[in-house]
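Here the structure comes first, spelled out in structure tokens, and everything after it is commentary.
The values are calculated or read from the model by the stated rules, or taken from the named source; none is laboratory data. Just so it is clear, the model here is predicted, and its values are computed rather than measured. In this analysis, Cβ positions are derived from the backbone assuming ideal geometry, glycine residues included, and neighbour counts consider all displayed protein chains.
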């Protein structure tokens with residue numbers, strides 16, 4: 001029987017920053033046992049340690065999910081059918097949660113979300129998608145948590161930069177519309 005792992009939220013209650021973290025699939029040792037993605041596995045602990053390093057562990061509302069919502073005992077890459085089914089569910093979760101930032105962990109998730117490898121980011125309306133290596137990559141290669149933390153910090157910095165730019169552009173547009181008499185207020 002396939003055990004589905006449900007997404008979960010971690011919310012400090014006061015943050016306006018909404019971050020969705022998307023892994024590939026639950027691990028047999030972590031999410032599969034607990035039913036919670038990226039919580040009890042080595043990768044999950046590494047992720048939360050990295051967020052703690054940059055002071056973001058408690059400062060955002062997090063929604064943690066996976067592209068594929070069930071574990072594979074052989075840790076195989078999901079089939080095209082599994083990825084397509086997961087992508088539909090994931091897009092619905094993004095629509096419901098309305099994140100500011102979607103952190104896509106790993107190559108498969110980044111590819112499925114169509115995030116360019118070169119820039120590692122894409123903007124889709126009000127959502128910034130950012131592609132990072134999966135925490136397991138850093139663990140396998142013996143890298144320190146600070147290396148991953150720096151990568152995550154870059155994503156948060158980019159979000160802040162993009163949000164400031166967006167506010168500036170909208171502010172300028174509103175001033176232009178006001179001059180032209182086309183700004184409508186409700």
Query - the stretch 117-126, residues that are within 23 Å of residue 77 (Cβ to Cβ), in contact with a strand residue (DSSP E or B) (Cβ under 7 Å, 6 or more places away or on another chain) and either in contact (Cβ under 8 Å) with a residue 24 or more places away in the chain or not in a strand (DSSP E or B) (or both) - result: 120
Query raised in the report: Yes or no: residue 13 modelled with pLDDT under 85 and loosely packed, with under 14 Cβ neighbours inside 10 Å?
Result: yes
Query raised in the report: Name the residues in the stretch 65-81 that are surrounded by fewer than 22 Cβ atoms within 10 Å (Cβ to Cβ), outside any loop (DSSP other than H, G, I, E, B) and either at pLDDT below 85 or touching a strand residue (DSSP E or B) at 6+ places or on another chain (Cβ under 6 Å) (or both), would you?
Result: 70
Requested in this report: Give the stretch 19-42 a look and list any residue that's buried (at least 23 other Cβ atoms within 10 Å of the Cβ), modelled with pLDDT of 85 or more and not in a loop (DSSP other than H, G, I, E, B), or say none.
Outcome: 19, 20, 21, 22, 23
Query - One residue from 147, 102, 169 being at pLDDT 90 or above and assigned to a helix (DSSP H, G or I) - result: 147
Requested in this report: For residue 57, work out the one condition from (1) in contact with a helix residue (DSSP H, G or I) (Cβ under 6 Å, 6 or more places away or on another chain); (2) buried (at least 17 other Cβ atoms within 10 Å of the Cβ) it doesn't fulfil.
Outcome: (2)
Query raised in the report: Which number in (1) more than 13 Å from the chain's Cα centre (by Cα); (2) closer than 17 Å to residue 17 by Cβ; (3) surrounded by fewer than 18 Cβ atoms within 10 Å (Cβ to Cβ) marks the one condition that residue 98 misses?
Result: (1)
Requested in this report: Kindly list the number of the only condition in (1) surrounded by 20 or more Cβ atoms within 10 Å (Cβ to Cβ); (2) at pLDDT 90 or above; (3) part of a loop (DSSP other than H, G, I, E, B) that fails for residue 129.
Outcome: (3)
Report task. For residue 177, indicate whether it is part of a helix (DSSP H, G or I), surrounded by 12 or more Cβ atoms within 10 Å (Cβ to Cβ) and modelled with pLDDT under 80. Result -> yes
**Report entry** Single residue of 51, 47 found to be at pLDDT 65 or above, within 21 Å of residue 112 (Cβ to Cβ) and not in a loop (DSSP other than H, G, I, E, B)
**Finding:** 47
